[in-house]
Amino acid sequence: MAFRNVAMRVLLLLAVVSAAYAAKGEAEKKESADGPAASGPAASGEGGEYDITKLGAKPDGTTDCTEAVEEAWASACGSTGNPTIIIPKGDFLTGALNFTGPCKGDGLNIKLEGNLLASNDLAKFKSNWIEIMRVKKLSITGKGNIDGQGKAVWTKNSCQKNYNCKILPNSLVLDFCDDALIEGISIINSKFFHMNIFQCKGVTVKDVKVNAPGDSPNTDGIHMGDSSNVSIIDTTIGVGDDCISIGPGSTQVNISGVTCGPGHGISIGSLGRYKDEKDVTDITVKNCVLKGSTNGLRIKSYEDAKSPLVASKIHYENIEMDDSGYPIIIDQKYCPNKLCTSKGDADRVTVKDVTFKNITGTSATPEAVSLLCSEKKPCEGVTMSDVKIEYSGKNNKTMTVCTHVKVTATGVDKANTCDA
(Lines give C-alpha, C1' and ligand atoms only; values in the text may rest on other atoms or scores of the structure.)
Protein backbone atom coordinates (compact mmCIF):
# COMPACT_ATOMS: atom_id res chain seq x y z
CA MET A 1 0.00 0.00 0.00
CA ALA A 2 2.84 2.36 0.94
CA PHE A 3 4.60 1.51 -2.33
CA ARG A 4 1.42 2.29 -4.30
CA ASN A 5 1.12 5.74 -2.61
CA VAL A 6 4.72 6.60 -3.40
CA ALA A 7 4.27 5.55 -7.02
CA MET A 8 1.16 7.67 -7.38
CA ARG A 9 2.98 10.71 -5.97
CA VAL A 10 5.86 10.25 -8.41
CA LEU A 11 3.43 9.99 -11.33
CA LEU A 12 1.63 13.15 -10.15
CA LEU A 13 4.94 15.08 -9.88
CA LEU A 14 5.96 13.98 -13.39
CA ALA A 15 2.61 15.20 -14.75
CA VAL A 16 3.06 18.63 -13.13
CA VAL A 17 6.60 18.99 -14.49
CA SER A 18 5.47 17.93 -18.00
CA ALA A 19 2.64 20.47 -17.93
CA ALA A 20 5.04 23.24 -16.90
CA TYR A 21 7.44 22.45 -19.73
CA ALA A 22 4.56 22.32 -22.21
CA ALA A 23 3.31 25.75 -21.08
CA LYS A 24 6.81 27.22 -21.40
CA GLY A 25 7.15 25.80 -24.91
CA GLU A 26 3.85 27.31 -26.01
CA ALA A 27 4.89 30.72 -24.60
CA GLU A 28 8.20 30.58 -26.44
CA LYS A 29 6.42 29.69 -29.70
CA LYS A 30 4.00 32.60 -29.26
CA GLU A 31 6.81 35.07 -28.51
CA SER A 32 8.71 33.82 -31.55
CA ALA A 33 5.65 34.39 -33.73
CA ASP A 34 4.50 37.72 -32.28
CA GLY A 35 7.85 39.32 -31.45
CA PRO A 36 9.31 40.17 -28.04
CA ALA A 37 7.08 41.11 -25.15
CA ALA A 38 6.49 44.77 -24.36
CA SER A 39 9.02 44.62 -21.56
CA GLY A 40 11.69 43.16 -23.85
CA PRO A 41 14.32 44.97 -25.94
CA ALA A 42 13.25 47.71 -28.39
CA ALA A 43 15.04 46.01 -31.25
CA SER A 44 16.81 42.79 -32.04
CA GLY A 45 19.78 41.89 -34.17
CA GLU A 46 22.50 44.07 -35.59
CA GLY A 47 21.57 47.46 -36.98
CA GLY A 48 18.02 47.22 -35.67
CA GLU A 49 15.30 49.80 -35.11
CA TYR A 50 14.73 51.37 -31.70
CA ASP A 51 11.22 52.79 -31.36
CA ILE A 52 10.98 55.21 -28.43
CA THR A 53 7.34 54.26 -27.76
CA LYS A 54 8.46 50.67 -27.03
CA LEU A 55 10.70 52.12 -24.36
CA GLY A 56 7.93 53.99 -22.59
CA ALA A 57 7.64 57.29 -24.49
CA LYS A 58 4.09 58.64 -24.57
CA PRO A 59 2.98 60.70 -27.61
CA ASP A 60 0.74 63.01 -25.59
CA GLY A 61 2.94 66.13 -25.47
CA THR A 62 2.89 66.28 -21.66
CA THR A 63 4.65 63.14 -20.38
CA ASP A 64 8.41 63.57 -19.96
CA CYS A 65 9.98 61.21 -22.50
CA THR A 66 13.62 62.12 -21.83
CA GLU A 67 14.53 58.75 -20.33
CA ALA A 68 12.99 56.74 -23.16
CA VAL A 69 14.70 58.78 -25.88
CA GLU A 70 18.07 58.57 -24.16
CA GLU A 71 17.64 54.81 -23.69
CA ALA A 72 16.97 54.48 -27.42
CA TRP A 73 20.16 56.42 -28.13
CA ALA A 74 22.23 54.29 -25.75
CA SER A 75 20.96 51.09 -27.36
CA ALA A 76 21.45 52.32 -30.92
CA CYS A 77 24.87 53.83 -30.28
CA GLY A 78 26.00 50.59 -28.69
CA SER A 79 24.73 48.50 -31.60
CA THR A 80 26.74 47.28 -34.58
CA GLY A 81 25.62 47.76 -38.15
CA ASN A 82 23.54 50.81 -39.06
CA PRO A 83 20.85 51.21 -36.37
CA THR A 84 17.86 53.56 -36.52
CA ILE A 85 16.05 55.40 -33.75
CA ILE A 86 12.35 55.75 -34.57
CA ILE A 87 10.40 58.77 -33.34
CA PRO A 88 6.91 57.96 -34.64
CA LYS A 89 4.00 60.33 -35.13
CA GLY A 90 2.87 62.10 -31.99
CA ASP A 91 4.15 64.77 -29.61
CA PHE A 92 7.05 63.81 -27.33
CA LEU A 93 8.12 66.20 -24.56
CA THR A 94 11.72 66.08 -23.32
CA GLY A 95 14.31 67.94 -21.33
CA ALA A 96 17.98 68.05 -22.28
CA LEU A 97 19.09 65.20 -24.54
CA ASN A 98 22.81 64.46 -24.56
CA PHE A 99 23.77 62.01 -27.30
CA THR A 100 27.46 61.20 -27.09
CA GLY A 101 29.61 58.95 -29.24
CA PRO A 102 31.68 57.51 -30.65
CA CYS A 103 29.17 54.83 -31.54
CA LYS A 104 29.88 51.18 -32.23
CA GLY A 105 28.17 50.80 -35.60
CA ASP A 106 28.87 51.99 -39.14
CA GLY A 107 26.49 54.94 -38.76
CA LEU A 108 23.41 56.02 -36.85
CA ASN A 109 20.05 57.18 -38.16
CA ILE A 110 17.29 59.12 -36.42
CA LYS A 111 13.98 58.86 -38.24
CA LEU A 112 11.84 61.79 -37.09
CA GLU A 113 8.20 61.44 -38.11
CA GLY A 114 6.67 62.89 -34.95
CA ASN A 115 7.37 66.06 -32.99
CA LEU A 116 9.98 66.50 -30.30
CA LEU A 117 8.93 69.27 -27.88
CA ALA A 118 11.40 71.03 -25.58
CA SER A 119 10.36 71.47 -21.98
CA ASN A 120 9.89 75.07 -20.85
CA ASP A 121 11.32 74.26 -17.43
CA LEU A 122 14.74 75.88 -17.92
CA ALA A 123 16.07 74.03 -14.87
CA LYS A 124 16.13 70.90 -17.04
CA PHE A 125 18.86 72.36 -19.26
CA LYS A 126 22.50 72.88 -18.38
CA SER A 127 23.20 74.31 -21.82
CA ASN A 128 21.60 72.97 -25.00
CA TRP A 129 18.48 70.94 -25.72
CA ILE A 130 19.55 68.26 -28.21
CA GLU A 131 23.33 67.94 -28.32
CA ILE A 132 25.02 65.27 -30.44
CA MET A 133 28.74 64.85 -29.92
CA ARG A 134 31.51 62.80 -31.56
CA VAL A 135 29.37 60.79 -33.94
CA LYS A 136 30.33 59.77 -37.48
CA LYS A 137 27.86 59.15 -40.29
CA LEU A 138 24.84 60.55 -38.48
CA SER A 139 21.56 61.17 -40.29
CA ILE A 140 18.40 62.87 -39.06
CA THR A 141 15.62 62.55 -41.62
CA GLY A 142 11.85 62.61 -41.82
CA LYS A 143 8.92 65.03 -41.86
CA GLY A 144 8.68 65.73 -38.14
CA ASN A 145 9.44 68.81 -36.06
CA ILE A 146 12.06 69.77 -33.51
CA ASP A 147 9.99 72.34 -31.61
CA GLY A 148 11.84 74.46 -29.05
CA GLN A 149 8.60 76.01 -27.76
CA GLY A 150 10.57 79.20 -27.30
CA LYS A 151 7.68 81.64 -27.07
CA ALA A 152 7.21 80.83 -23.38
CA VAL A 153 10.77 81.89 -22.48
CA TRP A 154 11.83 84.53 -25.04
CA THR A 155 11.05 87.24 -22.50
CA LYS A 156 13.82 85.78 -20.30
CA ASN A 157 16.42 86.62 -22.97
CA SER A 158 18.49 89.61 -21.79
CA CYS A 159 21.11 89.55 -24.55
CA GLN A 160 19.78 92.77 -26.09
CA LYS A 161 20.79 94.61 -22.90
CA ASN A 162 23.57 92.53 -21.39
CA TYR A 163 26.74 91.77 -23.37
CA ASN A 164 27.48 88.73 -21.20
CA CYS A 165 23.92 87.46 -20.95
CA LYS A 166 22.80 83.99 -19.92
CA ILE A 167 22.35 81.93 -23.07
CA LEU A 168 19.08 80.03 -23.45
CA PRO A 169 19.21 76.47 -24.87
CA ASN A 170 20.01 76.00 -28.56
CA SER A 171 17.72 73.41 -30.16
CA LEU A 172 19.97 71.12 -32.21
CA VAL A 173 23.74 71.14 -31.70
CA LEU A 174 26.30 69.03 -33.56
CA ASP A 175 29.75 68.95 -31.93
CA PHE A 176 32.73 67.12 -33.46
CA CYS A 177 30.50 65.21 -35.90
CA ASP A 178 31.73 64.04 -39.31
CA ASP A 179 29.65 63.11 -42.36
CA ALA A 180 26.26 64.20 -41.04
CA LEU A 181 23.01 64.62 -42.98
CA ILE A 182 20.00 66.62 -41.78
CA GLU A 183 17.20 66.29 -44.32
CA GLY A 184 13.47 66.94 -44.60
CA ILE A 185 12.76 67.91 -41.00
CA SER A 186 11.55 71.23 -39.55
CA ILE A 187 13.21 73.06 -36.66
CA ILE A 188 10.88 75.65 -35.17
CA ASN A 189 10.54 78.20 -32.36
CA SER A 190 13.92 77.61 -30.75
CA LYS A 191 14.67 79.22 -27.41
CA PHE A 192 17.97 80.46 -28.88
CA PHE A 193 19.79 79.25 -32.03
CA HIS A 194 17.85 76.65 -34.00
CA MET A 195 20.93 74.75 -35.13
CA ASN A 196 24.60 75.07 -34.19
CA ILE A 197 27.42 73.25 -35.98
CA PHE A 198 30.75 73.24 -34.12
CA GLN A 199 34.02 71.57 -35.12
CA CYS A 200 32.34 69.30 -37.64
CA LYS A 201 33.53 68.04 -41.02
CA GLY A 202 31.17 67.20 -43.84
CA VAL A 203 27.70 68.33 -42.75
CA THR A 204 24.81 68.57 -45.24
CA VAL A 205 21.55 70.34 -44.38
CA LYS A 206 19.04 69.70 -47.15
CA ASP A 207 15.36 70.50 -47.66
CA VAL A 208 14.97 71.69 -44.06
CA LYS A 209 12.52 74.31 -42.80
CA VAL A 210 13.58 76.62 -39.96
CA ASN A 211 10.91 78.95 -38.60
CA ALA A 212 10.34 81.41 -35.74
CA PRO A 213 8.69 84.86 -35.59
CA GLY A 214 10.72 87.73 -37.00
CA ASP A 215 10.81 89.42 -33.59
CA SER A 216 12.00 86.37 -31.62
CA PRO A 217 15.38 87.24 -30.01
CA ASN A 218 18.63 85.54 -31.04
CA THR A 219 16.87 82.74 -32.88
CA ASP A 220 19.53 82.30 -35.58
CA GLY A 221 18.54 79.68 -38.13
CA ILE A 222 21.80 77.82 -38.71
CA HIS A 223 25.08 78.88 -37.09
CA MET A 224 28.44 77.27 -37.71
CA GLY A 225 31.96 77.72 -36.40
CA ASP A 226 35.32 75.95 -36.66
CA SER A 227 33.78 73.61 -39.23
CA SER A 228 34.63 72.59 -42.79
CA ASN A 229 32.82 71.21 -45.82
CA VAL A 230 29.36 72.36 -44.75
CA SER A 231 26.53 72.48 -47.33
CA ILE A 232 23.12 74.07 -46.82
CA ILE A 233 20.88 73.24 -49.77
CA ASP A 234 17.25 73.97 -50.74
CA THR A 235 16.38 75.13 -47.25
CA THR A 236 13.82 77.73 -46.14
CA ILE A 237 14.64 79.89 -43.12
CA GLY A 238 12.56 82.59 -41.44
CA VAL A 239 13.72 83.64 -37.96
CA GLY A 240 14.40 86.57 -35.62
CA ASP A 241 18.16 86.80 -36.22
CA ASP A 242 20.60 85.67 -38.93
CA CYS A 243 19.11 83.08 -41.26
CA ILE A 244 22.61 81.65 -41.57
CA SER A 245 25.62 82.85 -39.58
CA ILE A 246 29.07 81.70 -40.60
CA GLY A 247 31.36 82.07 -37.61
CA PRO A 248 35.12 82.05 -37.15
CA GLY A 249 37.02 78.99 -38.33
CA SER A 250 34.50 78.11 -41.06
CA THR A 251 35.97 76.89 -44.36
CA GLN A 252 34.62 75.29 -47.55
CA VAL A 253 31.03 76.33 -46.99
CA ASN A 254 28.47 75.96 -49.79
CA ILE A 255 25.03 77.61 -49.51
CA SER A 256 22.64 77.08 -52.42
CA GLY A 257 18.91 77.33 -53.00
CA VAL A 258 18.19 78.98 -49.64
CA THR A 259 15.22 81.29 -49.07
CA CYS A 260 15.78 83.70 -46.16
CA GLY A 261 13.18 85.92 -44.53
CA PRO A 262 12.24 87.19 -42.11
CA GLY A 263 15.66 87.40 -40.51
CA HIS A 264 18.91 89.33 -40.49
CA GLY A 265 20.23 87.84 -43.71
CA ILE A 266 23.04 85.46 -44.61
CA SER A 267 25.97 86.63 -42.52
CA ILE A 268 29.65 85.99 -42.14
CA GLY A 269 30.42 86.85 -38.55
CA SER A 270 30.34 88.43 -36.33
CA LEU A 271 34.14 88.18 -36.33
CA GLY A 272 36.58 89.32 -33.69
CA ARG A 273 34.51 89.14 -30.54
CA TYR A 274 36.72 86.53 -28.86
CA LYS A 275 40.45 86.01 -28.67
CA ASP A 276 42.26 83.65 -31.07
CA GLU A 277 39.41 83.20 -33.53
CA LYS A 278 40.37 81.39 -36.74
CA ASP A 279 40.09 82.61 -40.33
CA VAL A 280 37.02 82.25 -42.53
CA THR A 281 37.70 81.20 -46.11
CA ASP A 282 36.20 79.54 -49.22
CA ILE A 283 32.56 80.56 -48.75
CA THR A 284 30.11 80.29 -51.67
CA VAL A 285 26.52 81.56 -51.60
CA LYS A 286 24.55 80.93 -54.82
CA ASN A 287 20.99 80.84 -56.16
CA CYS A 288 19.37 82.24 -53.02
CA VAL A 289 16.41 84.54 -52.34
CA LEU A 290 16.22 87.05 -49.49
CA LYS A 291 12.69 88.26 -48.78
CA GLY A 292 12.05 91.09 -46.34
CA SER A 293 15.19 90.42 -44.33
CA THR A 294 16.69 93.33 -42.38
CA ASN A 295 20.05 92.64 -44.06
CA GLY A 296 20.99 90.75 -47.17
CA LEU A 297 24.53 89.47 -47.78
CA ARG A 298 26.50 90.66 -44.78
CA ILE A 299 30.07 90.45 -43.51
CA LYS A 300 30.39 91.87 -40.00
CA SER A 301 33.39 92.29 -37.72
CA TYR A 302 34.08 94.09 -34.48
CA GLU A 303 36.20 97.21 -34.66
CA ASP A 304 37.71 96.25 -31.30
CA ALA A 305 38.52 92.68 -32.38
CA LYS A 306 40.47 90.73 -29.78
CA SER A 307 42.87 89.02 -32.24
CA PRO A 308 43.85 89.25 -35.92
CA LEU A 309 41.94 87.13 -38.43
CA VAL A 310 41.11 87.09 -42.13
CA ALA A 311 37.87 86.60 -44.06
CA SER A 312 38.70 85.74 -47.67
CA LYS A 313 37.66 83.93 -50.87
CA ILE A 314 33.98 84.77 -50.49
CA HIS A 315 31.74 84.43 -53.54
CA TYR A 316 28.09 85.49 -53.92
CA GLU A 317 26.26 84.69 -57.17
CA ASN A 318 22.70 84.69 -58.54
CA ILE A 319 21.04 86.27 -55.52
CA GLU A 320 17.57 87.82 -55.66
CA MET A 321 16.67 90.56 -53.20
CA ASP A 322 12.96 91.03 -52.48
CA ASP A 323 12.65 94.21 -50.41
CA SER A 324 15.56 93.33 -48.13
CA GLY A 325 17.29 96.00 -46.07
CA TYR A 326 20.96 96.70 -46.80
CA PRO A 327 21.16 94.01 -49.49
CA ILE A 328 24.97 94.11 -49.76
CA ILE A 329 26.85 95.15 -46.63
CA ILE A 330 30.37 94.82 -45.29
CA ASP A 331 30.50 96.30 -41.79
CA GLN A 332 33.90 96.40 -40.12
CA LYS A 333 32.57 98.58 -37.32
CA TYR A 334 29.91 96.17 -36.12
CA CYS A 335 28.75 96.94 -32.59
CA PRO A 336 25.36 95.39 -31.74
CA ASN A 337 23.16 97.43 -29.41
CA LYS A 338 26.19 99.67 -28.74
CA LEU A 339 27.36 97.25 -26.05
CA CYS A 340 30.92 96.88 -27.30
CA THR A 341 33.79 99.32 -26.84
CA SER A 342 34.99 100.75 -30.14
CA LYS A 343 38.69 101.49 -30.46
CA GLY A 344 39.68 102.93 -33.79
CA ASP A 345 43.31 101.84 -33.41
CA ALA A 346 42.46 98.18 -32.75
CA ASP A 347 41.24 97.03 -36.18
CA ARG A 348 42.46 93.45 -36.62
CA VAL A 349 40.05 91.83 -39.09
CA THR A 350 41.01 91.72 -42.77
CA VAL A 351 38.31 91.28 -45.43
CA LYS A 352 39.58 90.45 -48.91
CA ASP A 353 38.79 88.68 -52.19
CA VAL A 354 35.02 89.12 -52.12
CA THR A 355 32.94 88.73 -55.29
CA PHE A 356 29.34 89.82 -55.90
CA LYS A 357 27.95 88.50 -59.21
CA ASN A 358 24.42 88.87 -60.58
CA ILE A 359 22.83 90.35 -57.46
CA THR A 360 19.45 91.84 -58.38
CA GLY A 361 16.12 92.97 -56.95
CA THR A 362 14.81 95.59 -54.56
CA SER A 363 16.04 97.16 -51.34
CA ALA A 364 13.93 98.26 -48.37
CA THR A 365 16.60 100.86 -47.51
CA PRO A 366 18.01 103.61 -49.72
CA GLU A 367 21.48 102.14 -49.08
CA ALA A 368 21.46 99.21 -51.47
CA VAL A 369 25.23 98.74 -51.19
CA SER A 370 27.17 99.55 -48.01
CA LEU A 371 30.89 98.79 -47.95
CA LEU A 372 31.99 100.16 -44.59
CA CYS A 373 35.59 99.08 -44.31
CA SER A 374 38.27 99.94 -41.81
CA GLU A 375 40.73 102.78 -42.26
CA LYS A 376 43.57 100.67 -40.86
CA LYS A 377 42.44 97.43 -42.57
CA PRO A 378 40.78 98.50 -45.84
CA CYS A 379 38.84 95.84 -47.76
CA GLU A 380 40.91 94.29 -50.56
CA GLY A 381 40.00 92.62 -53.84
CA VAL A 382 36.26 93.42 -53.86
CA THR A 383 34.68 92.69 -57.26
CA MET A 384 31.13 93.44 -58.40
CA SER A 385 29.56 92.36 -61.69
CA ASP A 386 25.97 92.52 -62.94
CA VAL A 387 24.65 94.12 -59.77
CA LYS A 388 21.33 95.95 -60.05
CA ILE A 389 19.40 96.68 -56.86
CA GLU A 390 16.82 99.45 -56.63
CA TYR A 391 15.33 101.14 -53.57
CA SER A 392 11.64 100.21 -53.43
CA GLY A 393 10.56 103.29 -51.48
CA LYS A 394 9.38 106.65 -52.80
CA ASN A 395 10.99 109.06 -50.37
CA ASN A 396 14.60 108.72 -51.47
CA LYS A 397 16.90 107.41 -54.19
CA THR A 398 19.05 104.31 -54.39
CA MET A 399 22.44 104.91 -52.78
CA THR A 400 25.82 103.27 -52.35
CA VAL A 401 28.01 104.04 -49.34
CA CYS A 402 31.70 103.15 -49.54
CA THR A 403 34.57 103.81 -47.11
CA HIS A 404 38.14 102.54 -47.36
CA VAL A 405 37.52 100.14 -50.23
CA LYS A 406 38.38 99.99 -53.91
CA VAL A 407 35.89 98.05 -56.01
CA THR A 408 36.42 96.54 -59.44
CA ALA A 409 32.99 96.82 -61.10
CA THR A 410 31.64 95.57 -64.46
CA GLY A 411 28.02 95.66 -65.60
CA VAL A 412 26.96 97.32 -62.36
CA ASP A 413 24.07 99.77 -62.23
CA LYS A 414 25.44 103.28 -61.66
CA ALA A 415 23.46 103.67 -58.43
CA ASN A 416 25.20 100.57 -57.04
CA THR A 417 28.78 101.71 -57.66
CA CYS A 418 31.08 103.45 -55.20
CA ASP A 419 31.30 106.34 -57.66
CA ALA A 420 27.55 106.99 -57.47
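Across the chain, Cα pairs under 8 Å and at least six residues apart give a relative contact order of 7 percent.
As I understand it, the value is the acute angle between the Cα axis of helix 66-77 and the longest principal axis of the Cα atoms of the chain; what does it come to in degrees, rounded to 10? Approximately 90 degrees, to the nearest 10.
Got the relative contact order for segment 240-354 handy, in percent, Cα pairs under 8 Å and 6 or more residues apart?
Working: 319 pairs, mean separation 31.6, N = 115.
Relative contact order, segment 240-354: 27 percent.
Would you work out if segment 205-255 is rounded, prolate or oblate? Take a ≥ b ≥ c from the square roots of the eigenvalues of the alpha-carbon gyration tensor; rounded if a/c is under 1.5, else prolate when a/b is larger than b/c, oblate otherwise. Since a/c reaches 1.5 but b/c is at least a/b, the shape of segment 205-255 is classed as oblate. If the chain linking MET399 and ASN287 were pulled fully straight, counting 0.36 nm for each residue of separation and taking away their Cα-Cα distance, it would gain 37.9 nm. The distance from the alpha carbon centre of segment 117-140 to that of segment 78-93 is 15 Å, rounded to a whole number.
Working from Cα positions, state the angle (0 to 90°, nearest 10) between the long axis of helix 2-34 and the longest principal axis of the chain. Relative to the chain, helix 2-34 is tipped by roughly 20 degrees. Given axes a ≥ b ≥ c from the Cα gyration tensor, I'd like to know whether segment 224-287 is rounded (a/c under 1.5), prolate (a/b larger than b/c) or oblate. It is oblate, given that a/c is not under 1.5 and a/b is not larger than b/c. Each part gets one Cα centre, and for segment 166-222 versus segment 314-337 those centres are 21 Å apart. Taken over segment 127-178, the percentage of Cα pairs per 5 Å bin, counting from 0 up to the bin with the maximum distance, is 5, 15, 20, 20, 17, 11, 10, 3, 0. List the aspartates and glutamates whose alpha-carbon lies under 12 Å from that of LYS111, not counting same-chain residues fewer than 8 positions away? LYS111 reaches GLU49, ASP51, GLU183. Evaluated at q = 0.14, 0.19, 0.25 Å⁻¹, the base-10 log of the normalised Debye intensity for segment 367-406, with identical point scatterers placed on the Cα atoms, takes the values -0.39, -0.64, -0.88. Residues of segment 292-322 with an amide N closer than 17 Å to a point placed 7 Å from the Cα of THR360 along the Cα-to-Cβ direction: 316-322. Going by accessible surface with a 1.4 Å probe and the largest first, GLU67, GLU367 read GLU67, GLU367.
Hey, quick one: spin label on ASP234, modelled 7 Å out along Cα-Cβ, who in segment 158-200 has an amide N within reach, i.e. under 16 Å? Counting only backbone N, you get 181-186.
A Gaussian network model of the chain, with springs between Cα atoms under 10 Å, assigns the largest mean-square fluctuation among CYS379, CYS288, CYS335 to CYS335.
So how strong a dipole does the chain carry about its Cα centre when Lys and Arg Cβ are +1 and Asp and Glu Cβ are -1, to the nearest 20 debye?
Details: 46 positive and 50 negative charges, 127 e Å.
That gives the chain a dipole magnitude of about 620 debye.
Quick check: from the Cα gyration tensor, does segment 155-294 come out rounded (a/c under 1.5), prolate or oblate? Note, shape of segment 155-294 comes out rounded.
Could you give the accessible area per residue of the chain, probe 1.4 Å, as a whole number in Å²? Intermediate values should be presented prior to the final figure.
Details: 19560 Å² over 420 residues.
I get 47 Å² per residue for the chain.
Using only alpha carbon pairs under 8 Å that are at least six residues apart, calculate the relative contact order of segment 234-281 and give it in whole percent.
Details: 75 pairs, mean separation 23.5, N = 48.
Worked out over segment 234-281, it gives 49 percent.
Within the set LYS151/LYS278; LYS151/LYS306; LYS124/LYS278; LYS201/LYS352, which residue pairs have Cα atoms separated by over 27 Å? In this structure, LYS151/LYS278; LYS151/LYS306; LYS124/LYS278 lie more than 27 Å apart at Cα. Sorting the segments 395-406, 213-224 by their mean number of nearby beta carbons within 10 angstrom, highest to lowest, gives 213-224, 395-406.
For the chain, the fraction of 1.4 Å probe accessible surface lying on carbon and sulfur atoms is 50 percent.
The values are calculated or read from the model by the stated rules, or taken from the named source; none is laboratory data. Note that the structure is a prediction, hence the values are computed from the model and not measured. All Cβ positions, even for glycine, are placed from backbone atoms using ideal geometry, and neighbour counts span all protein chains on display. Quick note on the areas: whole protein, heavy atoms, side chains included, nothing else; ligands and nucleic acids left out. Shrake-Rupley method; radii C 1.70, N 1.55, O 1.52, S 1.80 Å.
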